[in-house]
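The structure appears below as structure tokens.
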Amino acid sequence: MTTAPEQERPIGFGRLKRKEDPRFIRGRGNYLDDIVLPGMLHGAILRSPVAHARMVSIDTSEAAAHPKVRAVITGADLEPLNLAWMPTLSSDTQSVLATDKVRFQGQEVAFVVADDRYAARDALELIHVEYDILDPVIDPHHALDPDAPVIRDDLEGRTDNHIFDWESGDADECDRVFAEADVVVTRDMVYPRVHPAPLETCGAVADYDQVTGKLTLYETTQAPHAHRTLYAIVAGIPEHKIRVISPDVGGGFGGKVGIYPGYVCAVVGSIVTGRPVKWVEDRSENLISTAFARDYHMTGEIAATSEGTILAVRTTVLADHGAHNGTAQPTKYPAGFFHVFTGSYDLQAAHCKVTGVYTNKAPGGVAYACSFRVTEAVYLVERMVDVLAAELGMDPAELRMKNLIQPDQFPYTTRTGWEYDSGDYPTTLRKALDVAGYEDLRREQAEKRAGGQRAGASGRRVGIPDGHRRGLLHRGRRRRPAASHGHPGPRHGRQLRGQGAPDGQGRRAAFGADAGPGARDDVRADRVRGARDPTRGHRRRPR
Amino acid sequence: MDVTLTVNGVEHQRDVEARMLLVHFLRDELGLTGTHWGCDTSNCGTCVVLIDGEPVKSCTTLAAMTVGHEVRTVEGLEQDGQLDPVQQGFMEEHGLQCGFCTPGMLLTARALLDANPDPSTDEIREAISGQLCRCTGYATIVRSVRWAAEHGEGGNGAGPAADRAEAQEEVGS
Amino acid sequence: MSEELGIPPEDIDVVHGDTDQTPFGLGTYGSRSTPVSGAAVALTSRKVRDKARAIAAGMLEVSPDDLEWEKGRFFVKGDPDSGKTIADIAMAAHGAADLPDGMEGSLEAMTTYNPPNLTYPFGAYVCVVDIDPTTGETKVRRFVAVDDCGTRINPMIIEGQVHGGLADGVGMALMEIIDFDEFGNCLGGSFMEYLIPTAVEVPDWETDFTVTPSPHHPIGAKGVGESATVGSPPVIMNAIVDALSVYGVRHIDMPATPSKVWEAIHAATADER
């Protein structure tokens, strides 16, 4: 039985309700798009329809002539002000408005400022851009081919799409351990590109006061002070003359850490028109152009004894960063905290190598609660442990319990230099198994399989580093492998691998005999309860 | 085009473009910013309002289409200073975090409870399945609606007097 | 702060998000709020309390060591009725009448906190899935999450963070992907293609906890905001592979959409024929 929050007492004052809720439940939140300033204008961004192309020409005259348009800004307008490009949080540069080329579908090309949001969108269609389309680099595995088109020819001396190589751990020790291990398993796995997709999209209201020279900037941002510093650097406005305000934010999840071109355009729009300018993106813009997450193509290898003592884990990773290296992370490592991939296990050796490449996609990479690539790291190790369990014919929970770092080993320094502060992993795993009724579940699974059905259960462990800190030194401490004990394979009636052992394929009928839950409707009508809903939306069933 | 809408019991007349969406009419013309806008394909539900008591996505409804109908937004849930039980329930059960999906969820919950005063958790999940929340994972939203179902009798604003007083203070500040 | 100083939460106003009103901070991400700003709040509160003790000692005309602290007030040891509340002390501090020699008025403190280390929350998750092999659809039947974020400040908030992260995991494991075609067209550009779980696609979460305090955090707390997002995708994928192992499937990449699962089953079983 799980413990409900009501049964706990937080420090001091009991279950504490939130002070901000009374506003929100009344619809009195103050989100970015709720902000209205006197004389405020509205901005909209023209975006590239293609992934990779040279910009031959851009004609904004028709848009500028629209009766409700107050300004049209292009990369050519920003260039003399040194605002066409801006620094990223990963020591690269990103285009604010395209000048020479477009490098991903959805890239910002022009900015319109108009009296209202509808007119701003109308005016986008009056801007005419001629593109000379180039071959795009989409598959990161081909980004480093000798004949791959060079995406970042804006960078001096750049002749390929390579961003970085980075490694951590002891490659030689790993070689030795892997060579001598009883069991070695390799698995390719992809952590696909996903998106934090907070329900509130990104936006800004920029209000530059031409008399005082003060810029007041409302932004959907998780880091207002960092933004203030960056704007001071980029726009040349003294920091004390910039006020960045983060109002109520409708979800960030890491997607609202970086500075987006739209924010910069709003600032320029306000400076040019002398009025406040609001820019809010729509959902398509949010998904196509703002910080994606993950896109790590990993090969994992795990070495163990035949009794199930995990000896080492190593991995090589191809990191697809999109067209600019814009990972919004403050660590000094190009792959963030990925080298925490040793997870909760006491290993003899570990090594990782990460290669970052450019592709013709939107920039990003660190977002969606990844804790700076910890999501990727934990996915890798936890999948590999299960892959090993399958190889050994061992229950995955048992395999974990056997290899967890023990409480008396803390503070524990990992093979890649992290010092874990505290932990009692076995107790927590035991509790999860008990709450889940793990043995009963395995029994149910075994019975169903014997009867021709399938069911899947999985237990896992995770240890995550948290908070923001400077990097740590590597430590090369060796540990003697724990004496092996226990046996792999089924016990206590848990017939996990009864039919699924690698060599015993379990020749169950693939069709017919299985009774699963009833198939759902093909197309899920996205509707709220109500018969006469004229706005019934649909979404495609997952392909 | 001249459009006259009844919103939260009050008639409003505006001259707007025929293509103006209801969500923008409410937010930009009437300043009722409790109704939000989160996607362009009617999937997210942050724009949900009640039209004649039924949840409708105002992002794909033209303002002009609602002439002659009753529109109710989240601002219309509180009556005479008394919170609706769904509003109280969401506070009691932590049914919101960032609050962006909350107005739509509240209204759908209200409509559900009007039609089905004692819904099962499955029925609640089904009712809100057309709306997204990225923060809560939905379990506390379900609990919030159940709280409202259980405390709905006895009128609006059921809840500790201290909460009500605090809430009034917050709104006034 | 409430705990350290004995001021009721309703009397505390937290100002955030405005660079004109708040000192420099690097921002909110990476689960750092509790480890970094939470620690700073605790330490700053303790500085305030230490100064309050000195002022109270002056007001009560005793040595600071003769005072005892009971949440919200100092009183003279052995004489509980003699105390001064934090509110009294704050008022006196701004009056500057009875302050100890050399002490400046006001009752405030500032801390710039640089954590000595990251914090390492952890957890153990168990997931049960049922897969319909005729459609490839995966249903998450149960999800058990036991998380350890050290000292738990507000359990309701922690539970909310965990729930949200678990839903992320269902999304990534089953339906979320930003994909591209060979021309670079983005295929995930709307919520019709980029699918996020709804209330009917997630189970009722079963959460519990253990507490292993962080030795270096002032109140032993660790972050938790990203824990469930980190931990949930692999456990769901491991469950799916476990379920499909009877067909000889050894791995499937995220998202395990129905067509992908169906194809994996058929590819694996086709090998048998």
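Some observations on this one:
- Considering each residue of the stretch C:200-220 in turn, none proves to be in a helix (DSSP H, G or I), polar (S, T, N, Q) and at pLDDT 95 or above.
- Identity of the residue in the stretch B:122-133, touching a residue at least 24 places away in the same chain (Cβ under 8 Å) and more than 7 Å from chain C (Cβ to nearest Cβ), that ends up nearest to B:Leu77 (Cα to Cα): B:Gln131
- Any hit, the stretch C:155-169, residues being more than 7 Å from chain A (Cβ to nearest Cβ), under 21 Å from A:Gly254 (Cα atoms), surrounded by fewer than 21 Cβ atoms within 10 Å (Cβ to Cβ) and within 16 Å of the chain's Cα centre (by Cα): yes
- Pick from the stretch C:100-118, criterion among the polar types (S, T, N, Q) and more than 13 Å from chain A (Cβ to nearest Cβ), ranking: nearest to A:Glu419 (Cα to Cα): C:Thr111
- All positions within the stretch C:225-273 that are small (Gly, Ala, Ser) and assigned to a helix (DSSP H, G or I): C:Ser227, C:Ala228, C:Gly231, C:Ser232, C:Ala239, C:Ala243, C:Ser245, C:Ser259, C:Ala264, C:Ala267, C:Ala268, C:Ala270
- Condition broken by A:Ala179, with the remaining ones in (1) out of contact with any strand residue (DSSP E or B) (no Cβ under 6 Å at 6 or more places or on another chain); (2) within 14 Å of another protein chain (Cβ to nearest Cβ); (3) assigned to a helix (DSSP H, G or I) satisfied: (2)
- Scanning the stretch A:39-60 for residues that are among the aliphatic types (A, V, I, L, M), over 17 Å from A:Ala123 (Cα atoms) and more than 24 Å from the chain's Cα centre (by Cα) turns up A:Met40, A:Ala53, A:Met55, A:Val56.
- Within the stretch C:181-195, being among the hydrophobic types (A, V, I, L, M, F, W, C) and buried (at least 23 other Cβ atoms within 10 Å of the Cβ) holds for C:Cys186, C:Phe191, C:Leu195.
- Search result, residues across the stretch B:1-35 that are in contact with a strand residue (DSSP E or B) (Cβ under 9 Å, 6 or more places away or on another chain), free of Cβ contacts under 8 Å to residues at least 12 places away in the same chain and surrounded by fewer than 20 Cβ atoms within 10 Å (Cβ to Cβ): B:Glu11, B:Gln13
- Yes/no for C:Val129 being over 16 Å from the mean Cα position of the chain (by Cα), assigned to a strand (DSSP E or B), more than 7 Å from chain A (Cβ to nearest Cβ) and surrounded by 19 or more Cβ atoms within 10 Å (Cβ to Cβ): no
- Under the condition of being in contact with a His (Cβ under 7 Å, 6 or more places away or on another chain), of a type outside the set (S, T, N, Q) and more than 8 Å from every other protein chain (Cβ to nearest Cβ), the residues counted in the stretch A:409-448 number 2.
- Test for B:Gly137: is it within 10 Å of chain A (Cβ to nearest Cβ) and small (Gly, Ala, Ser): no
- Filtered residues of the stretch A:182-225 (kept if without any contact (Cβ under 8 Å) to a residue 24 or more places away in the chain and at the interface with chain C (Cβ under 9 Å from one of its Cβ atoms)): A:Pro224, A:His225
- There is at least one residue in the stretch C:28-47 that is without any contact (Cβ under 8 Å) to a residue 12 or more places away in the chain and under 30 Å from A:Thr375 (Cα atoms).
- Of all residues in the stretch B:1-54, those being away from every other protein chain (no Cβ under 12 Å) and among the β-branched types (Val, Ile, Thr) number 5.
- The combined condition, being at pLDDT 95 or above and closer than 13 Å to A:Thr201 by Cα, is not fulfilled by A:Glu301.
- Remark: A:Val277 matches the filter, which requires a residue to be crowded, with 24+ Cβ neighbours inside 10 Å, more than 14 Å from every other protein chain (Cβ to nearest Cβ) and in contact with a helix residue (DSSP H, G or I) (Cβ under 6 Å, 6 or more places away or on another chain).
- Filter result for the condition that a residue is farther than 30 Å from A:Val36 by Cβ, touching a Gly at 6+ places or on another chain (Cβ under 8 Å) and among the aromatic types (Phe, Trp, Tyr), over A:Phe164, A:Phe178: A:Phe164
- With respect to (1) touching a residue at least 40 places away in the same chain (Cβ under 8 Å); (2) more than 7 Å from every other protein chain (Cβ to nearest Cβ); (3) of a type in the set (Val, Ile, Thr), the lone exception for C:Ile252 is condition (1).
- Residue among C:Arg141, C:Arg152 that is more than 25 Å from C:Thr22 (Cβ to Cβ) and crowded, with 19+ Cβ neighbours inside 10 Å: C:Arg152
- The listed residues are C:Ile265, C:Ile177, C:Ile219, and the only one of them that is touching a strand residue (DSSP E or B) at 6+ places or on another chain (Cβ under 9 Å), among the aliphatic types (A, V, I, L, M) and under 21 Å from A:Gln445 (Cα atoms) turns out to be C:Ile265.
- Strands (runs of 3 or more DSSP E) lying entirely in the stretch A:209-316 (those with 2 or more residues that are farther than 30 Å from A:Glu382 by Cβ and touching a Cys at 6+ places or on another chain (Cβ under 9 Å)): A:277-280
- Taken residue by residue, the stretch C:96-104 has at least one member that is under 39 Å from the mean Cα position of the chain (by Cα), over 13 Å from C:Leu5 (Cα atoms) and exposed (fewer than 15 other Cβ atoms within 10 Å of the Cβ).
- Condition met for C:Thr28 (at the interface with another protein chain (Cβ under 8 Å from one of its Cβ atoms) and among the polar types (S, T, N, Q)): yes
- The number of residues in the stretch A:334-362 that are within 16 Å of A:Arg415 (Cβ to Cβ), part of a loop (DSSP other than H, G, I, E, B) and not small (Gly, Ala, Ser) comes to 6.
- The set of residues from the stretch B:68-104 being without any contact (Cβ under 8 Å) to a residue 40 or more places away in the chain and of a type in the set (A, V, I, L, M, F, W, C) comprises B:Leu77, B:Cys98.
- Residue that is surrounded by the most Cβ atoms within 10 Å (Cβ to Cβ) [pool: residues in the stretch C:255-265 that are more than 7 Å from chain A (Cβ to nearest Cβ) and more than 32 Å from the chain's Cα centre (by Cα)]: C:Val261
- Any hit, the stretch A:388-408, residues being basic (Lys, Arg), within 7 Å of chain C (Cβ to nearest Cβ) and in a helix (DSSP H, G or I): no
The values are calculated or read from the model by the stated rules, or taken from the named source; none is laboratory data. Model, not experiment: these values are computed from the prediction. We place every Cβ from the backbone using ideal geometry, glycine too, and count neighbours over all the protein chains shown.
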